[in-house]
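Enquirer: Sharing a structure below in structure tokens format, with a few things to ask.
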Amino acid sequence: MDEKLTVNQIRMKSSRKTLAVRIVTYVLLAIWALIVLFPFYWMILTSIKDKAMYNAEYTPKFFTLEPTVENYATAFQAANLARYFLNTLIYTLITTALMLIVIILAAFAFARLNFRGKNILFAAFLSLMMIPSELVVITNFQTITNWGMRNSFMGLILPTVTSVFYIYLLKENFESVPDRLYLAAKLDGASDFKYLCKVLIPMCAPTLFTITILKIIECWNSYVWPRLITDNEAYYLVSNGIQEIRENGMGRDNIPGMMAAVVVVSLPLIILFLVFRKRIMAGVARGGTKG
């Protein structure tokens with residue numbers, strides 16, 4: 001009887017300890033979530049405040065009883081946001097499509113094809129990740145300028161159609177596919193290209209989907225290269241467009257209008273990530289797990 005009581009007491013203490021740890025964990029996560037999400041809340045709150053009311057606030061208020069969408073109309077009227085969105089959409093779609101072609105073929109070559117110096121070449125290829133991005137930008141700028149591609153979509157797109165990291169990620173994923181499938185396909189007379197299209201790509205679709213989403217986010221947020229290679233507003237992306245709006249005065253004279261423009265630009269990526277977050281995480285985990 002005493003032994004049973006002791007066991008029950010131990011279990012109760014253990015369950016209480018587990019509950020306490022869980023409560024502390026959730027409280028800390030909730031605090032961290034508030035810290036991370038507060039800038040987004042403040043951005044949206046500012047975008048729906050009336051300009052006059054916002055300027056009259058000597059002490060910032062964390063809520064508003066008179067929300068307005070006038071700032072969003074002002075943002076579209078004061079800046080060519082529609083044009084910036086179209087440019088970004090063209091840049092994102094073409095860059096992502098070309099990148100997928102390049103990285104799929106490169107990853108397949110490193111994963112399945114046998115040729116002399118493959119390991120040395122791949123090691124040298126990975127070493128490119130150690131080069132500071134600033135040096136790459138300078139080299140790309142000189143090359144694109146010498147080719148006469150400044151202020152063009154071609155100049156924007158060409159330097160961004162490949163990624164060493166994505167090639168590495170996809171190569172590891174391709175190598176996780178059993179070799180017997182490749183040998184069986186070769187015995188059936190399938191070419192390497194057919195094996196790639198019919199077997200590898202369908203089996204590695206989660207990783208490819210994740211890479212696609214991450215590349216879309218990368219293109220949408222791209223700032224340094226488009227800002228450097230274009231000085232013609234006709235080729236501005238949304239990131240450059242927001243900077244142009246800020247420099248033209250809205251960032252100082254109309255903070256709510258500026259925040260409305262930022263919300264409009266940020267909303268597509270936020271929705272994209274929220275909708276596909278589970279598939280993104282699953283694809284990254286799958287790509288990093290071999291065997």
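Read-outs throughout are calculated quantities, based only on the coordinates presented, and are distinct from any laboratory measurement. Every value quoted in this text rests on a predicted model; they were computed, and no experiment measured them. Glycine gets a Cβ as well: all are built from the backbone with ideal geometry, and neighbour counts include every protein chain shown.
Enquirer: Can you figure out the FRET efficiency of residue 273 with residue 116, using R₀ = 51 Å and their beta-carbon distance, to the nearest 0.05?
Expert: Efficiency, from the Cβ-Cβ distance: 0.75.
Enquirer: Let me ask another. What distance in nm lies between label points placed 7 Å from Cα along the C-beta direction at residue 94 and residue 63?
Expert: 4.9 nm
Enquirer: Could I ask something else about it? Tell me which aspartates and glutamates have Cα within less than 17 Å of residue 61's Cα, excluding those fewer than 8 residues away on the same chain?
Expert: Partners found: 50.
Enquirer: Specify which residue in the list 190, 60, 95 is farthest towards the positive end of the charge dipole of the chain, using unit charges on the beta carbon of Lys, Arg (+1) and Asp, Glu (-1), about the Cα centre.
Expert: Checked the options; the winner is 190.
Enquirer: Which whole-number percent is the relative contact order of the chain (Cα, under 8 Å, 6+ apart)?
Expert: On the way: 243 pairs, mean separation 89.1, N = 291.
Once normalised by length, the contact order is 31 percent.
Enquirer: On to the next question. Estimate the FRET efficiency between residue 73 and residue 139 by the formula 1/(1 + (r/R0)^6), using the beta-carbon distance for r and 45 Å for R0, to the nearest 0.05.
Expert: Computed FRET efficiency for residue 73 and residue 139: 0.55.
Enquirer: Sort 89, 81, 274 by Cβ crowding within 10 Å, fewest neighbours at the top. List each step's numbers first, then the result.
Expert: Working: 89 15, 81 20, 274 9.
Ascending Cβ contact count within 10 Å gives the list 274, 89, 81.
Enquirer: Within segment 148-223, report the chymotrypsin sites (Phe, Trp or Tyr not before Pro) that DSSP leaves as loop and that have at most 13 other Cβ atoms within 10 Å. List each step's numbers first, then the result.
Expert: On the way: sites: 153, 165, 166, 168, 174, 182, 193, 195, 209, 220, 223; in loops: 223.
Here the chymotrypsin sites (Phe, Trp or Tyr not before Pro) that fit, given the DSSP loop and packing criteria, are 223.
Enquirer: Also, quick follow-up: Using every Cα-Cα pair within segment 82-150, state what percent have a distance larger than 20 Å.
Expert: On the way: 1338 of 2346 pairs.
Cα-Cα pairs of segment 82-150 separated by over 20 Å account for 57 percent.
Enquirer: First measure r as the distance between the Cβ atoms of residue 31 and residue 246, then evaluate 1/(1 + (r/R0)^6) with R0 = 30 Å and state the FRET efficiency to the nearest 0.05. Could the numbers behind the result be given before it?
Expert: Numbers: r = 32 Å, r/R0 = 1.05.
E(calc), rounded to 0.05, equals 0.40.
Enquirer: So what are the ³J(HN,Hα) numbers for segment 119-124, from phi and the Karplus equation (6.51, -1.76, 1.60; θ = phi - 60°), rounded to whole Hz, Gly and Pro as x?
Expert: Per residue, the Karplus-derived 3J(HN,Hα) values read 5, 5, 5, 5, 4, 5 Hz.
Enquirer: Set the bar at 24 Å for Cα to Cα. Now go through 171/194; 49/278; 118/186; 171/278; 118/215 and name every pair that lies beyond it.
Expert: Flagged as over cut-off: 49/278; 118/215.
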